[in-house]
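The structure appears right after this line, and notes come after that.
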Amino acid sequence: MSRKSEAADPATNTGTAVDLASAGRLKQMRMVVGMVRKANPKALPIAIGAGLGTLVILVIVGLVTGLGALLIPFGVLLGVLVTVILFGRFASSAQYSAIEGQPGAAAAVLENMRGNWTVTPAIAANRNMDVVHRAVGKPGVILVGEGSPARLASLLTAEKKRVARVAYEVPIIEFQVGNDEGQIPISKLQRKIMRLPRKLKPDAISDINHRLKALQPSLQAPKGPLPRNARQPKMPRPKAR
């Protein structure tokens, strides 16, 4: 996964590192809550209500059966767990909504995948700004294209042939990201890749990465001036601790 670093506030005392770290987490949590609320105003009430409902049911059962001493604490823990799980799902949906349709969104998802992946964004592109990204991991070489389905087919085929020249007997899997027929929505890309069978060992992954570095880039720059402030979108997610 990609690692993000934050610059410390110059006005903050450097001796309060623990407080700064805690403030950073709280700030990230507020950012995620705001993003979820903007994407779905009903998300927080649903998550909190589901947790409280779980607690109330177990409290009632505990009082009726005389097992309140056991079920009430369990209800508190279960209610918190239900709230966290639902909020996590709403947050994940909001994150994907925030980057959907942006150039480079697929690369942002690839760089945030769990596990040991080597991601190379924009290894191939055309003048229409259709682009192919590459990820190498235990399933093999993953080629992910985003853009027009009609144009991506030939772009992916050409890149697959190019990779196959050095990736001997290594699985090469293609995906197209988008909402058109035959494409995968950006929200399902990571899940699709993580479910692929693991066929390569670490030594084989290192070997194929070394071979791929020897390939000449096939990126075709579009006509006209390039945007000065073009940036790849980042997945707006809190740091994992």
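The values are calculated or read from the model by the stated rules, or taken from the named source; none is laboratory data. The structure presented is a predicted model; accordingly, all values stated were derived computationally and were not measured. All Cβ positions, even for glycine, are placed from backbone atoms using ideal geometry, and neighbour counts span all protein chains on display. Surface areas here come from the heavy atoms of the whole protein model, side chains and all, with no ligands, DNA or RNA. Shrake-Rupley method; radii C 1.70, N 1.55, O 1.52, S 1.80 Å.
Per-structure values
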read-out: Separation in nanometres of the label points that stand 7 Å from Cα toward Cβ, at residue 187 and residue 52; value: 2.6
read-out: Mean Cα-pair separation over length for region 116-168, i.e. relative contact order, pairs under 8 Å, 6 or more apart, %; value: 27
read-out: More than 17 angstrom apart: percent of Cα pairs within region 37-168; value: 70
read-out: Largest-first ordering by accessible area, 1.4 Å probe, given options 159, 146, 181; value: 181, 146, 159
read-out: Pairs of alpha carbons in region 108-181 whose separation is greater than 17 Å (percent); value: 41
read-out: Full-extension gain in nm, residue 173 to residue 42, via 0.36 nm per residue minus C-alpha separation; value: 43.4 nm
read-out: Full-stretch length increase - residue 31, residue 72 - with 0.36 nm per residue and alpha-carbon distance subtracted; value: 11.5 nm
